[in-house]
Each structure stands twice: as structure tokens, then as C-alpha cells.
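Just below is one structure, and these are the notes that go with it.
No value in this document is a laboratory result; all are computed from the given coordinates. Worth saying up front: this structure is predicted, and the values here are computed from it rather than measured. Cβ sites come from the backbone with ideal geometry, for glycine too, and all protein chains shown count toward neighbours.
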Amino acid sequence: MPYRSLTKEEISQLEKQHCTCDDWSNIQVHPDFTTTYVKHVHFSGKVHLGIMEKNYVLAGGIPRHSGIYHSSIHNCTIGNNVYISRIHRYIANYTIGDDCYIEDTECIATTEESSFGNGIKVSVLNETGGRAIAICNKLSSQLAYIMTLYRHRNQTIQTIENIIQAYTASVRSNQGTIGKQVSITSCGDIKNVFIGDNTRIESANYLENGSINSNNIDPVFIGNGVMAKNFILSSGSQITEATLIENCFIGQGTQLGKHFSIYDSVYFSNCQGFHGEACAIFGGPFTVTHHKSSLLIAGMFSFLNAGSGSNQSNHMYKLGPIHQGVVERGSKTTSDSYILWPAKIGAFSLVMGRHHHHSDTSNLPFSYLIENNDDTHLVPGVNLRSVGTIRDAQKWPKRDRRKDPEKLDQINFNLLSPYTIQKMYAGIRILETLKELSGETSETYTYQSTIIKHSSLFNGIKYYQMAINKFLGNSILKRLEKTPFQSIEEIHQQLCPDTQIGLGDWVDLSGMIAPKSEIERLLDDIDNHSISTLTEINLRFKEMHENYYNYEWTWALKKIEEALNKPYTEFTVQDIIDIALTWKKSVVDLDNMLYEDAKKEFTLISKTGFGADGDDEIKRLDFMNVRGQFESNPFVQEVQEHIQKKSALCQNLIERISHLL
């Protein structure tokens, strides 16, 4: 936009309105600028001013007209219809977008050439270093996972760091940015902070060296008492209530508040942190802690629900706090649980009590780890029949708070996937080996510093096989869904995979489930510079995520072929009917277990505390009016409907192919 110099009359009028300037010739204004709404302002350096025509109406109906009042402005470009008032020290070296509202704030300044938090090294997992992540605006949980755990690929890590350094250099500037429609009120110092469009900052104490990547679709809110240094906040994040942040990346849709403190950590999409503390952690998507005295430290988590007083420790050391731990996706820790690192907890596990024995249960997912007389007792697979596990899987997609169309993290919400099913195959082999080595009549078995009871081992094998049957059957039924077949050859054609990608091991890259071969191919492309930007890397992760079901079918079909000991081109109609019937039985049996588990919530014990001042009948009525009746509970009804729906799906497939027998 072309600017003009002030006229002599305008300079005279500004001076009458108690404005001062070191050199009025350095002030450039919009062609339609008027002096009416600039009062008690000191200008210095080069300043550009827009028009001031907008009226603001504050909560309670209080009017404010755009303009600049009682402030000191140095080296700034100020857009149209901006309101600035009562800046107690100064605003320096900032470009301020249109329609911003800035009031009662101590200081907003770019004090030196800055990358605004980009390139800051965050020492996750190992507090002494060695796994430090260079954070940046475009960091995804998948790329961060690679940077953290793929240290065996030195060249790859160095190349990624070089890519991030190049990006960091591209955003480096000695001029800060405040985007359009930003609101900043009653704040302390804001120094070297990039502030994106539609950001709202109210009563924050101190912000230094960071980027707030807000936008008009998914704004960022920073509230009372927040102190943040060396940070990046992604779109849709909310930081409130005296939260303390230092050396951190905060992902899209993440909420931190109620005096939460987080240091040297990354918290990706849809995490929540209230009351407690996080230090040197890798918080993958949906890492949640809501309680005072809860500490997450030196660990990697995702889809975690940490109970009150949950704690880990990496301080049994001689060379520094070097121990780390991994709690795989979907796990829970109960109140006052404790894990002594190093340890590795399998996916969708429940940790109860205090554990000091450095267990690795990664190949025994969906388990309980229970403390008993200072021993860790392992109950394999039992979480597959837990109502809580299923409810978690259902609620995560509903709690995805991201509105930004550019989603940095690729998130797969599936409970059963090649990643978890491959672990169940491994789990069955482990349990069968234990049974063979110790004998089928042994009362207990020992595995990875844990104790497994006889009944738990046998039930674990059963639960895992049921889940495998459910997953593989669901895959083949989905593949053959809604298609009329006139010959077995048409069925074989439908079963033919769309790609050969998907065979072999699968990995969970902090929310995204993908074939390991595709991850290795991406890293090779980074090594040979076929991919050289963060945008290209994130696009590849997105492509993997979008092709998940094609890759999944390739993997599932191979497992079905191995189970039947024949290629899919030799599958008979009876083979497919048998798979469908086995699938139906596993689905119904697991659903019945969920039904029985849900029924526990309506037992006499659960009614304790209800009807406090009455007899058993009053207790029953009180419970019913608060909790409802078991059969009308939405989850219970959903389980029953699921049994009917899946049974009908099985029958439909059989009817569509049985004429080919």
C-alpha cells in the first residue's frame, strides 16, 4: 500500500494532542489517515500508520474507537483500524495487522534478530541430552518421533536437523509480527514473539521467544498468569490459568491450564495438562493428565490417561538422569501409580500400583500390570474385555479439537490394527513358550520381571486369539462388503490387494500407524535428498496415513493366507464362510464380555453411597435416577446393537456367496 508523509497541519495537530516524535519525516501514513484518534503518543524510528475508522464495543457495551493512545511506538508498521492504548513502556519493531486490539500492556518488542522459538532444542526423554528435538512451526508428532528414537540413523537425523535449520533461517527476522484481528489486553512483557491471526492474549504475565501459530479458523487463546519462554504454540491451543512453559512445542488443539508446568517437552495434538507437571516428555496425541501431584517425566506417551498422583522416576543413576521409559498408545495409570524407568508398557495397558522391576511388556498389549507385595503381576489381554478400553477408543475421535484444515499430526484411532495384532501374535508365542518351558500345571510363570498366574496365561492366549480372529475377519468382510459375486474367481479378484506395501512389521509413529518399510523408504529419501523440506516430509506422512486401509489389507490378507496355508487365489467359498463364522463368534464373545463388564457398574457395591438417608429401596431409586437402568444405558444398548449388526453382516456375506458352494 502506498503511504504518504504527514502534512504540516497534521504534525501541528498531533503535537496539540500531546504527541511527540524524534523526526516527523520518518512517519508515513495511509492516504486517508486523520489525526483525530492519535493522542499522547511518542513516535521514534520509522513508523507506518493505517486508517482509524472502526468502533469497538467491549463486553458490557463499552465503546472504543480505533486509534493510538498513551503509548510509545518505535519502528512499527500498524495496519488499519487498530486500537492501541496504555502501553506502559513501548511497542518496538513490530508489524501489526488490521483490526487488532492492544490495551494495558507493559511492553511488546522484538529486541534482536529472532527465529521466534524455531530451532530451539528440546531435551525429551533424556534430560542430559542425546535425544534433543529441534522444534519448529511445522513439526509433526511423526517427524518428532523419528528425531527422538531413530538415533541409530545418524545421517538421517543430521539431514532432518539441517532441514529444520534451513526453515529456521527462513523465518528469522529483526521485525516481529502481530497478525490480523489479534487481541492483547492487560499483559506483561511480550518479547520476540510471532503472534498469528486472531490470537487472543489476556493477562499473560510474560511471553518470550516463541511463535503463536493462530489463524482465523482455529485461534489460539493465552490466559491469565501464563509465563512462556522458548516455545511454539500450534493452532487451536489454549494456555490458561498460570501455566508455566519453557522449551516446549505445544500441538494443535492442546489445552494446558490450572497451574500446569511443562519443561523441555513436546505435547502434540489434543493433549491436556492440568494441575500437574511434565518434564522431558514426549507427549504424543491425546496425552492427558488432569490431577495435582501427577508427574510425567522422561517418558514417551500417546493416548494416555494419567491418574492422580501418577509418577515415574529416572533418578536411579550414577551418570545423571539418563533413564527413560515408553508407555505405548492407549494406556492408563491409576491413582498413585509409579513406574521406575527404564520400562516399556504395552499398548492399551492398565498400570496399577508401584512398579520397580524394569519390565518390558510391549509384546503383551491390552494387559493389566498390578502391584502385589512389591511384585508386578501381569494379566495379559484382559483389557480387551474392558468397557473402559472400548469407550476410550470411541471418545478419542469425538474429542479431536483440531479445526485447522492443515493438520500437522496424522492420527489413527483404531484399537485393532496391524500394529497391535502383530504384538498379539508375538504375545501368543511368548505365552505358549512360557507354558512349554514351565509346564501347563505351573501355578505362576515369570516374564520380564513380571509374574503371570496360570489362569491369566491361558486366558491371555484366548483373548489374543479372539482379537486376531475379529481383526482378520473384519478385514475380509469389509473387503467383500456389498458386492454380489457370480463366481469364486470374482471373489479372488476382489481379494487381490491394491498394493504390495504393508507386508512385514508395522510401527506406531506417535499416533500414525504405518508399515515400517514405508518409514524406512521415507528416511532413505531424506538421506539422498529426494525430500528436502518439512512440507514434503509432512506430505509423505499424510500419504501414508491416507493409504492406511490399503496397506492394512495387504498385511491382513497375508496373515489369512498363512492361517489357511494357501494363497488367496485358492480360497474356497467354504474357507470364507468359516472365516466369517469364526469372526462372528469372536465378535459376539468379546461383546458379551463387555456386556458383563458393564454390568459391574450396576452391582450392589456400585450403589454404595447412594440413598444416603434411606433404606435399600431408596438407595435403588436414587441410583436409578442418577445412573439410569442397566438395559437403557447408551453403551449397553450400543453393545447389543453391535452384536445384532455384526451378526447380520456375517449372514449377509454368507447369503451372497453360499450359492457358489
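Shape of the range 307-450 from its Cα gyration tensor (a ≥ b ≥ c, root eigenvalues): rounded if a/c is under 1.5, otherwise prolate when a/b > b/c, or oblate?
Oblate, since a/c reaches 1.5 and b/c is not below a/b.
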Please work out the C-alpha center-to-center distance from the range 262-298 to the range 322-364 and express it in whole Å.
16 Å
Qualifying chymotrypsin sites (Phe, Trp or Tyr not before Pro) for the range 431-463 [loop in DSSP, other Cβ within 10 Å: at most 16]:
none
D336-R4 pseudo-label distance in nm [points 7 Å out on the Cα-to-Cβ vector]:
7.6 nm
Excluding Y445 itself, what net charge comes from residues whose Cβ is under 12 Å from its Cβ, given Lys and Arg +1 and Asp and Glu -1?
-2
Is the shape of the range 1-141 rounded, prolate or oblate, going by the alpha carbon gyration tensor and its root eigenvalues a ≥ b ≥ c, with a/c under 1.5 for rounded and a/b larger than b/c for prolate?
prolate
Leading residue at positive end of dipole, the chain (Cβ point charges), from H70, L477, L557
H70
Whole-Hz ³J(HN,Hα) from phi, Karplus 6.51 cos²θ - 1.76 cosθ + 1.60, for the range 455-466, glycine and proline x:
5, 5, 5, 5, 5, x, 4, 5, 4, 4, 5, 5
Can you compute the helix-only [θ] at 222 nm over the chain? Use -39500 (n - 2.57) per DSSP H run of at least 4 residues, normalise by all residues, nearest 500 deg cm²/dmol.
-10500 deg cm²/dmol
What list of ³J(HN,Hα) values in whole Hz, one per residue of the range 48-53 in order, does the Karplus curve 6.51 cos²θ - 1.76 cosθ + 1.60 (θ = phi - 60°) give from phi, with Gly and Pro shown as x?
10, 10, x, 7, 9, 10
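Net charge around T499, counting only other residues with Cβ within less than 14 Å of its Cβ (Lys, Arg = +1; Asp, Glu = -1)?
Local net charge: -2.
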I need W396, W341 ordered by Cβ neighbour count within 10 Å, fewest first.
W396, W341
Report the antiparallel proportion of the DSSP beta bridges in the range 360-487 as a percent, rounded to a multiple of 5.
80 percent
What list of ³J(HN,Hα) couplings, whole Hz, do you get for the range 85-99 from phi and the Karplus terms 6.51, -1.76, 1.60, once you set θ to phi - 60° and write x for glycine and proline?
8, 6, 8, 5, 10, 5, 10, 9, 6, 9, 9, 10, x, 5, 6
When the charge dipole of the chain is computed with +1 on Lys and Arg Cβ and -1 on Asp and Glu Cβ about the Cα centre, the Cα farthest towards its positive end, among I245, S5, G381, belongs to I245
Longest exposed-loop-site-free stretch of the chain, with GluC sites (Glu not before Pro), DSSP loop and at most 11 other Cβ within 10 Å?
114-439
Can you give the net charge of the other residues whose Cβ lies under 12 Å from the Cβ of D189, counting K and R as +1 and D and E as -1?
+1
Express as a percent, rounded to the nearest 5, the fraction of DSSP beta bridges in the range 1-108 (both residues included) that run antiparallel.
20 percent
Answer label, with Cα extents along the principal axes in Å calculated from the coordinates and candidates (i) 97, 68, 56; (ii) 98, 63, 54; (iii) 88, 72, 60:
(i)
Among the aspartates and glutamates, which have Cα under 12 Å from the Cα of K403 when same-chain residues fewer than 8 positions away are ignored?
D218
Tell me which residues come under 5 Å, amide H to amide H, from C279 once H is placed; ignore anything under 5 positions away on its chain.
Y263, L296, I297, A298
Could you check what % of the DSSP bridge pairs in the chain are antiparallel, to the nearest 5?
15 percent
Could you list the residues of the range 332-372 with an amide nitrogen less than 19 Å from a label point located 7 Å from the Cα of L437 in the Cα-to-C-beta direction?
344, 346, 357-365
Quick check: Cα centre of the range 194-239 to Cα centre of the range 92-153, how many Å?
12 Å
How far is it, in nm, from the label point at E546 to the one at Y56 when both lie 7 Å from their Cα along the line to the Cβ?
4.1 nm
When only Cα pairs under 8 Å and 6 or more residues apart are kept, what is the percent relative contact order across the chain?
7 percent
E641 to E561: FRET efficiency via 1/(1 + (r/R0)^6), r the Cβ-Cβ distance, R0 41 Å, to the nearest 0.05?
0.80
Cα-Cα over 32 Å: which of K462/K558; K258/K645; K258/K542; K258/K453; K39/K138?
K258/K645; K258/K542; K258/K453; K39/K138
Hey, can you grab everything whose amide H is under 5 Å from the amide H of I184? Only 5+ residues off in sequence or another chain; H modelled, so Pro and N-termini drop out.
Y101, I102, E103, I201
Nonlocal amide H pairs with Y447, under 5 Å, H built at 1.01 Å:
I452
Label-point separation (nm) for L149 and N205, each offset 7 Å from Cα along Cα-to-Cβ?
3.6 nm
How much length is gained on full extension from C496 to N528, taking 0.36 nm per residue of separation minus their Cα-Cα distance?
8.2 nm
